[in-house]
1. What number comes out for the charge environment of residue 106, summing +1 per Lys or Arg and -1 per Asp or Glu over other residues with Cβ under 13 Å away?
2. Which of the lysines could be linked to residue 141 by a straight reach, that is with a Cα gap under 23 Å, when you skip same-chain ones fewer than 8 residues away?
3. Starting with the highest mean, order 112-119, 284-291, 99-106 by the number of other Cβ atoms within 10 Å, averaged over the residues of each peptide.
Amino acid sequence: MNELSRIQFETAQENPSYVSGRMLHQALQIKTPYRKWFPRVCIQNEYEEGEDYVTSDKIVRRADGVPMPYDLHDHWLTPDVAKEICLTQHTAIGKLLRKKLIAQEQAVSEARERELRSCRNRLARTVQENEELSASLAAQKEDMAVMGDLIERANAALILQRDVLHKQSRKMDELNGKVARQSKSILEMAPKVDYYDRVLDAPDTYSTTTIAKSCGITARALNLFLHEQKVQYRLHDGWVLYARYDGKGYTRTVTVVRKYSNGTEKVCIVTQWTQKGREFIIHLLEKAFDDERGEV
C-alpha cells in the first residue's frame, strides 16, 4: 500500500503528464516480471507505441558505478492508459491507484488552467497599456501637427513682414535728411517689450525633488522606485502615471519658465504631486521598507 505514494506524473521529454510503466507495475504489486508483464498487457488491450505509450532506455549501473551491459527499458504511459491498466487489475490497490491518478491528473489540469488564466490576464493588461500609450502618442502627434501648422503660419508672416520692411527700407533711403532724423527719433523712442505668459506654480503641490529630500533619498532614486512599483513610466523627457493611478488627484500639471545661464528662457510643462499624491508616495515607501525589514 505504501507504493501508492510513490506514483507521480513523472516528466518525460515528449509529454510532462506521462506515467512510468515500471513505477505503475511496482505500485500494483504485480508478481510477473515487468519485461513479461508489459508486452502481455499491450497485446491484451491492443496498446500501440507512439499513441498509448513511448519507450525510453536508461543506463543501469552497478553499486561501484560501472555500467551494466544492457539498458533498462521503461515505458511512459498516457494517463488514460495508466488508469485503464489499474482498473483491469480488479484489485483494491488498482482502484485506489486509479483514484490517485485521476486526482493528480485533475490537479495538473487545474494548475495549467490557472497559469493560462494568469497569462491571459497579463496579456490583457499589456494590451490595455499599449492601447493607452498609443492613444497618448496619437494625442501628442495631433498637438505636434497643430504646433507645426502654427509655426508655418508664423514663418509665412515673418517672411511677409521682412518683405514689407525691405520695401520700407528702400523708401526710407530716398527720403531727405529731415525724414531720416524723424525716423531715427521714432526708432530711439520705440519701447522695447519683453512679454512672457507665465503660469506660477500652485502652492499646494510638491516637486519630486522636494518629496525625495523629505524622505532622505534623491529624486532619481524616488523616480526609479515609483517606476518599479508600476506607478509611473518614462515618456520623452518626463514621467507619466500608469492608467490605474491617473485621474485620482495624485498629480497636477503646471507651467513654469526656466532661465538658463546663457540668458535664454524656456516655458515648460511640469508634473508635480498634490498633497494626496505626496501621502500616497510616503505610504508606498513605508510599505516597501516594512516588507524589506520583514524579509530580513
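1. +3
2. Candidates past the 8-residue exclusion: 266.
3. Answer by packing, highest mean first, reads 99-106, 284-291, 112-119.
No value in this document is a laboratory result; all are computed from the given coordinates. Model, not experiment: these values are computed from the prediction. A quick note on method: Cβ atoms are made from the backbone with ideal geometry, for glycine too, and the neighbour counts reach across all protein chains shown.
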